[in-house]
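The values are calculated or read from the model by the stated rules, or taken from the named source; none is laboratory data. Just so you know, these numbers come straight off a predicted model, no measurement behind them. Here Cβ is always computed from backbone atoms with ideal geometry, including for glycine, and neighbour counts include all displayed protein chains. The accessibility values were calculated without ligands, DNA or RNA, using every heavy atom of the protein model including side chains. Shrake-Rupley method; radii C 1.70, N 1.55, O 1.52, S 1.80 Å.
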Amino acid sequence: MAHCASLNLSMARATSGRAVSFSRARTRLVRIRCVSSPSVDSSKVASSVIERSSSPSKTGKWQWKFDGNSVNVYYEEHSGKSSENVKNILMVPTISDVSTVEEFRTVAKDIVDREGAVNFRATIVDWPGLGFSDRPSLNYNADVMEDFLIQLINSPDSPVKSSDGELIVCGGGHAATIAVRAAGKGLVKPAVIAAVAPTWAGPLPIVFGRDSSMEARYDLLRGTLRAPAVGWMMYNMLVSNEKSIQSQYKSHVYADPNNVTPTIVQTRYELTKRKGARYVPAAFLTGLLDPVKTREEFLQLFADLEGKVPVLVVSTAGAPKRSKAEMVALKGAKGVTKFAEVPGALLPQEEYPLAVSEELYRFLYEVFTADR
């Protein structure tokens, strides 16, 4: 969500799915098929949620160890009433200037409040350097963020440690692509991956490219943003002001400008004023957090999961054309089990959370009841 460039995605209207066999943690084969999931009020699915007061069941801090640093990472848990056949979902926010766990709260609440043959518990985790987590001055890049995700999923003391080995990973934007990359390497072994509006190119590279002259300019801008005094001045001008945030949300983050409320703008603005707030955005804007550098590499990440992990891709109907083109390329692509489209632009999980939760719930229901 950069001030200096539009980073966006969207999709074709159809939903495609195919039956695929997957080897699972217990060496059994699961075949996804169409099943009847509990009914929902379809009139609510396409509507945006204006009231976002979902309260977590629990909040806490988990310590991520990296390069001699101990970073406090904020997380919150959302639990339902049922304690039977509960599957754990890790929800990871989109990486952006104003990334926050808040974007997934309504999705989490809607998922965990449903009761059926399969029930869910959701944990939303802020990235280090973003949201309500600590923001140390690390040299952030895609490998650093991947290391965080790997440790978070695999550590014995992790808040998302899954005793049954069936953790579901749901990420937005770059978070989704980093999760797919880690899974393709075998460094994490989720039972299911849901990629919500997945992206791979930062705001500047997606608009201006990556030739040597542009990379030099990105390096200069990144260094300037990280500098002690001038960095804050530049950050305040480009990112940390309410007018800029409102402009971002109305132009490409949300599909409907009327959904951009003063409350959203104010809460996101407050995030940009936290100590160390500019370090991750400096890397994100200039492409250092990009998990790949070409569409071919992007598609290969998903192809590497073919037959191994069920993958849901949720695209949006109202995202800008550059990112939309990358997501359209995933429709019918190798490794993508199901492709769906919902209303929205870059943050459908926040602007149209019930549409996202419905697609996610249906897919998970199909996966976990396929062998019943």
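Observations on the model:
- For region 45-168, accessible area per residue (1.4 Å probe, heavy atoms of protein chains only), Å²: 38
- Our note on the geometry: Cα centres of region 328-342 and region 136-165, 26 Å apart.
- By the rule of a C-alpha distance below 22 Å, with chain neighbours fewer than 8 residues away ignored, the lysines paired with Lys331 are Lys293, Lys308, Lys321.
- Region 221-342 - percent relative contact order, Cα under 8 Å, separation 6 or more: 23
- Cα-based shape type of region 236-335, given that a ≥ b ≥ c are square roots of the gyration tensor eigenvalues and the cut on a/c is 1.5: prolate
- Qualifying GluC sites (Glu not before Pro) for region 87-123 [loop in DSSP, other Cβ within 10 Å: at most 15]: Glu115
- For region 171-261, accessible area per residue (1.4 Å probe, heavy atoms of protein chains only), Å²: 39
- Met237 - accessible surface, heavy atoms, 1.4 Å probe, Å² rounded to 10: 120
- Carbon plus sulfur fraction of accessible area for region 234-302, probe 1.4 Å, in percent: 51
- Coil-residue trypsin sites (Lys or Arg not before Pro) of region 237-277, DSSP, other Cβ within 10 Å capped at 12: Lys273, Lys275
- For region 182-261, a simple Cβ point-charge model (Lys and Arg +1, Asp and Glu -1, everything else neutral) yields a dipole of about 200 debye relative to the Cα centre.
- Solvent-accessible area, 1.4 Å probe, carbon plus sulfur percent, for region 152-210: 54
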